[in-house]
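Below is one structure, written out as structure tokens, with a few remarks after it.
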Amino acid sequence: MRIARWQLLVLILLGTGAIWTVFALEIARMQEDESRIAEWNIRFQAQALAENSSNSIERINELLLSLRDEWDGNSERFKYLVESRQAYMADIAFQVAVIDARGFLAYSNLQSTNRPTYLGDRMHFRVHREGGGDQLYISDPVLGKVSQRWTIQFTRPIYRHRQFAGVLVISVPPQLFNEAHRSLLPRAGAQALIARTDGTPLAGAPLPAGDRHADATGTERLHMAPFDMPNPPMAGFVHDPARNGQPAMLRGYARLPQYDLLVVVSEPMAAAMANYVRQRNAAAGGALLFSLLLLTSAALVIRSREAEHQAREAVMLSEAILASAVDALGQGFVVYGKDDRLIYCNERYRQFYPKSCEAIQPGVRFDDLLRYGLARAEYPEAIGREDEWLQERMRRHLQGQHDGVQQTSDQRWLRVLERQTAEGYNVGLRLDITELIEAHHAAEVALTRAREASQSKSTFLSNISHELRTPLSGVLGFAALLGRSKLDAHQREQLGMLQDSAERLHVLVSNLLDVTALEGGALTLHESPFSPATLLQESLRSAAEHHRGPVALSSRVPGVLPAVLIGDRGRIRQVLMQLLDNARKFTTAGEIVLSAWWTPDVTEGSASGRLTLKVSDTGTGIAPELRSTLLEPFSTSSQTRPGIADRHGLGLGLALANAIVVRMRGELTIDSQPGSGTTVSMTLPLVAGSELAPGQAGKLP
């Protein structure tokens, strides 16, 4: 009687331990999953805010460069220019100002310059005057002497004949970034900050007081990692512990190294893990309730010890509850004693090992059970290495802390969890993860098929493009021969239409070949000396030959160009002709202007620099929803919009041009508004010769 009672108590204690073991494992998994999701979300938000901030700064920088090119010391003309662009920059620029080389205000759109205002003591002026180079400078928030408002200064130096001639300043209120950050925060209670990498803040959504001090600008200095890291990664997250009465925070960050800035999104750890806390409390309540049920069953058995019949009924009831509770888990459960003999397992555990099922009986030793299964090929991973596998499995089992994956003889996958209790009992769980494994394998197969399909597509495009070139060359050749024969006006007009269509088809086939070459990494560059002035003249002459209608075609070359540059002349001309052809297609009135200028490196003795070629037109412009995909081949932009592909081709030209420019380590940008025309700029890093050629400007006939 005593033995039966204590055996039942052991089973109840083991069952309770098993319940809390499962609870602890599940809570650990939920916490890990929820933490990973929270970390991914906060990092994603930081990267999104960083992208938003980078776009705003780039837009301000482009405005600085554009206005700087127009400043010639005439404040009245410059005032008219700034007012004409007010609609474009009103949402970002609070003030536009020019500081002359002596440090006095030469122009401001907020105040007349008749009253001298000295700004030579400002950091954003001293940085450029003392040789900071032609770089964008972003100041700390400062109180403006003219505006009397706190603003962030974005500045660029002004040079005349390579001599410092002043500073162009665009003042931006911190609220520009504050409102953008606030609108992109993940949830209530989150905060955002854009600051220098040393922790100096520029702007941000409000942060709770406590772990930093406010300065006079209305922004605040944050004391936390990653500001304390010497070289933080480009993006990541940190767990900031609670201090000074403030809660622990989860912070995601993303660097903007080109501006020496860091964007940080912070969220209280309690808010980020709120879902986990709710799940944990619910699971803890269930485990506690079930444990109380088991303990209550034990109490009933002990209180009914006076009557043997009642004791037997209580024991049977407790055993039934325990077995039902373990079976309700839906997974395999097993308990081995201190001598490593089987004490208890549920039916689900036996089902997982069909070839060893008859040997899984109370009292069997764990190693004997393994040998029994090995003799019947119960464990596929052990076939051919049975002795080695047995030793490794016993080693992990005796350690009492095993977590692994096992395949059964009926092609199922089990997650094996084994833990040793303080009393020396070994508690094990077998979780069926077959569906997860199969889903993982299916995903890998789908990924492989997708890659094969992409390769097949590229091969097909390359083959069909080559096949099209041979008959197309014949069409072009015979059309040229036909053009030399005697034709009347109507026949010559029809021949012109034939040649124009064949040329368009030839460009499309060439573009397809280049796209497939780029995708396969086979596009090569052939660098050699060339004259940029000659390249511009030939490109304009070729564009004029295909130009029809009342649209004026002209060129502007401010300053001087190098007499010789080193680069792939053919690829540069290919991109330039594509930009001119696009402008011609979408412009029916007004003008098309090709501009070019050379920006040498500021390093003394360096022959390198950047050649910028810009094609501006007064055509129909580009809708905002199309601009983001125009530079991507086979995107859902102009290639798939009804009507556009019919009138102007498949839209591969800009995507190919961008890919070629990127291949030459350059950059292609598009600035356009519907109805206001389009400007496409190509900037390439090149090496110049020792001589410079004067810029030429004029209109082609």
Quiz item: Which order do peptides 415-421, 40-46, 24-30, 153-159 fall in by mean Cβ count within 10 Å, highest first?
Solution: 153-159, 40-46, 415-421, 24-30
Quiz item: If you line up the Cα atoms of segment 331-432 on their principal axes, what length do they span on each, largest first, in Å?
Solution: 36, 28, 23
Exercise. Go through 374-381, 556-563 and give me the packing order, highest mean Cβ count within 10 Å leading.
Key: 556-563, 374-381
Practice problem: Beyond 21 Å, what share of the Cα-Cα pairs of segment 39-139 is found? Please give it as a whole percent. | Solution: 45
Exercise. Mind putting a number on the dipole of segment 331-432 about its Cα centre? Charges go on the C-beta only, +1 for Lys and Arg and -1 for Asp and Glu, and I need it in Debye to the nearest 20.
Key: 160
Quiz item: Hey, what did segment 331-432 get for relative contact order, percent, Cα under 8 Å, at least 6 apart?
Solution: 30
Quiz item: Sorted by mean Cβ packing within 10 Å, highest first, what order do the peptides 407-414, 102-109, 391-398 take?
Solution: 102-109, 407-414, 391-398
Exercise. Could you pull out every residue, at least 5 positions away or on a different chain, whose amide H is within less than 5 Å of the one on A203? Hs are placed 1.01 Å off N in the peptide plane, and Pro or chain starts have none.
Key: I194
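Bear in mind these aren't lab numbers, they're just calculated from the coordinates by the rules spelled out. Note that the structure is a prediction, hence the values are computed from the model and not measured. We place every Cβ from the backbone using ideal geometry, glycine too, and count neighbours over all the protein chains shown.
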